1. Taking the range 28-57, which residues are assigned to a strand (DSSP E or B), open to solvent by 10 Å² or more (accessible area, probe 1.4 Å), in contact (Cβ under 8 Å) with a residue 24 or more places away in the chain and of a type in the set (G, A, S)?
2. Among the residues of the range 66-76 satisfying the criterion of being open to solvent by less than 80 Å² (accessible area, probe 1.4 Å) and outside any strand (DSSP E or B), which is farthest from I21 (Cα to Cα)?
3. Please specify each residue of the range 2-41 satisfying the condition of being within 11 Å of the chain's Cα centre (by Cα) and hydrophobic (A, V, I, L, M, F, W, C).
4. Just to be sure I understand the filter: pairs with C-beta atoms under 8 Å, separated by 6 or more residues or on different chains, first member in the range 82-108 and among the acidic types (D, E), second member surrounded by fewer than 16 Cβ atoms within 10 Å (Cβ to Cβ). Which pairs pass?
5. On the basis of being at pLDDT below 95, under 13 Å from M31 (Cα atoms) and open to solvent by 80 Å² or more (accessible area, probe 1.4 Å), does R63 make the cut?
6. Assuming N14 fulfils every condition listed in (1) open to solvent by 30 Å² or more (accessible area, probe 1.4 Å); (2) polar (S, T, N, Q); (3) touching a Ser or Thr at 6+ places or on another chain (Cβ under 8 Å) apart from one, which condition is it?
7. Name the residues in the range 12-27 that are touching a residue at least 60 places away in the same chain (Cβ under 8 Å) and not in a strand (DSSP E or B), would you?
8. Go through the range 77-91 and count every residue that is over 13 Å from the mean Cα position of the chain (by Cα) and crowded, with 16+ Cβ neighbours inside 10 Å.
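The values are calculated or read from the model by the stated rules, or taken from the named source; none is laboratory data. Quantities reported herein were computed from a predicted structural model and do not represent experimental measurements. All Cβ positions, glycine included, derive from the backbone under ideal geometry; neighbour counts span all protein chains shown. Only protein heavy atoms, including side chains, enter the accessible area calculation; ligands, DNA and RNA are left aside. Shrake-Rupley method; radii C 1.70, N 1.55, O 1.52, S 1.80 Å.
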Amino acid sequence: MIDKEIITKNEAENDGQTIHIYYDDIAGLYMAFGLSAYYTTMVTDPYMSYSEAFQMPVALLRREHVLYLRQGLTIAEHSDRSYYRFTMREKVGEAGYERWASGILTRHGQLAKYT
């Protein structure tokens, strides 16, 4: 099960170079939130949404997305099929994140009108 406190802490303390991804066994997908979601889009093309529970963007990653991350990044930590922590080669930081996150939230809000 995904732990909201751990995810929130990891993203609040993100050093601008780390991607945290978590496996959700119910959906059968990996997820990255906040800055980690932003950084995944620099390596692969996940499905993007907005998590109302976490109040931040969320990247939904299939296994092939994780393979791209594994091939292109350094694995800093791995728990069998539940969590990965990747380190990017260079620090990205938060430049562009606010505008990107705002776009995700706007699209999410537009889609919510029709559901």
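1. S49
2. Result: G72.
3. Hits for the range 2-41 are I7, I19, I21, M31, A32, F33, L35, A37.
4. Matching pairs, first to second residue: E94/G16.
5. Yes, satisfied.
6. Of (1) open to solvent by 30 Å² or more (accessible area, probe 1.4 Å); (2) polar (S, T, N, Q); (3) touching a Ser or Thr at 6+ places or on another chain (Cβ under 8 Å), only one is false for N14: (1).
7. D15, G16, Q17
8. Residues flagged as over 13 Å from the mean Cα position of the chain (by Cα) and crowded, with 16+ Cβ neighbours inside 10 Å within the range 77-91 amount to 1.
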